[in-house]
């Protein structure tokens, strides 16, 4: 396969070609090595920028990457939220009138701001406020 050169001149020519090729490859290697160094520095900077969020930098919380919401493992009961029918509510019972210290009647005005007359329906609501000392 490889045939050795017959003369010294052919050896010198082959050596010159090989040395030129080696010089070209060395120059290309230096350029690639410099590019590689620049890209590594840029990669490190970008990784640092990706790791920034509102808790470790001056970024506002709205710029944080959205995290996936945790999946709710509870099954739906099919009921609407809030108080359920038939459930007895909890509230403070009204005091009898003889235990109340102060009464305030809030009477309706006779005329509305628009000028119309106000007619009472006769339904009144009793409300108590308790002050603890």
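Just a few scattered comments:
- In segment 43-102, the residues that are within 30 Å of residue 131 (Cβ to Cβ) and surrounded by 10 or more Cβ atoms within 10 Å (Cβ to Cβ): 94, 95, 100
Per-residue answers, yes or no, for (1) in contact with a strand residue (DSSP E or B) (Cβ under 8 Å, 6 or more places away or on another chain); (2) touching a residue at least 12 places away in the same chain (Cβ under 8 Å); (3) assigned to a loop (DSSP other than H, G, I, E, B):
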| site | (1), (2), (3) |
| --- | --- |
| 84 | no, no, yes |
| 90 | no, no, yes |
| 95 | no, yes, yes |
| 98 | no, no, no |
| 114 | no, no, yes |
| 119 | no, no, yes |
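- Condition check for residue 81: within 30 Å of residue 49 (Cα to Cα) and within 29 Å of the chain's Cα centre (by Cα): no
- Test: residue 110 is closer than 30 Å to residue 49 by Cα and either modelled with pLDDT of 85 or more or out of contact with any strand residue (DSSP E or B) (no Cβ under 6 Å at 6 or more places or on another chain) (or both): no
The values are calculated or read from the model by the stated rules, or taken from the named source; none is laboratory data. Since this is a predicted model, take the numbers as computed values, not measurements. Every residue, glycine as well, gets a Cβ built from its backbone with ideal geometry; the counts of neighbours run over all protein chains shown.
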